[in-house]
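The structure appears right after this line, and notes come after that.
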């Protein structure tokens, strides 16, 4: 399927990228650029994963504080 670029600025970018990457065609250059952009986006952590990691870290820190305070029920660093 042919690739038609109707915007002169986009065409210049595609040709420039083609020359820099030594792609065999403008279509190949656009394919490579899009693949790189997709790979970069897909490699980004998902907000849900970031939130889960944050909660796990927070829970771990809370558990460490509780274990550091011992069974006395006081906070770490406080005396009763």
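The values are calculated or read from the model by the stated rules, or taken from the named source; none is laboratory data. Please read all numbers here as calculations on a predicted model, not as lab measurements. We place every Cβ from the backbone using ideal geometry, glycine too, and count neighbours over all the protein chains shown.
Here are the numbers:
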item: Residue check for residue 58: surrounded by fewer than 10 Cβ atoms within 10 Å (Cβ to Cβ), over 21 Å from the mean Cα position of the chain (by Cα) and assigned to a helix (DSSP H, G or I); result: no
item: Residue selected from the range 35-55 under the condition exposed (fewer than 10 other Cβ atoms within 10 Å of the Cβ) and under 20 Å from residue 17 (Cβ atoms), by the criterion modelled with the lowest pLDDT; result: 41
item: Near pairs, Cβ below 7 angstrom, 6+ apart or cross-chain, from the range 1-20 (more than 14 Å from residue 31 (Cβ to Cβ)) to any residue that is surrounded by 11 or more Cβ atoms within 10 Å (Cβ to Cβ) and at pLDDT below 90; result: 11/5
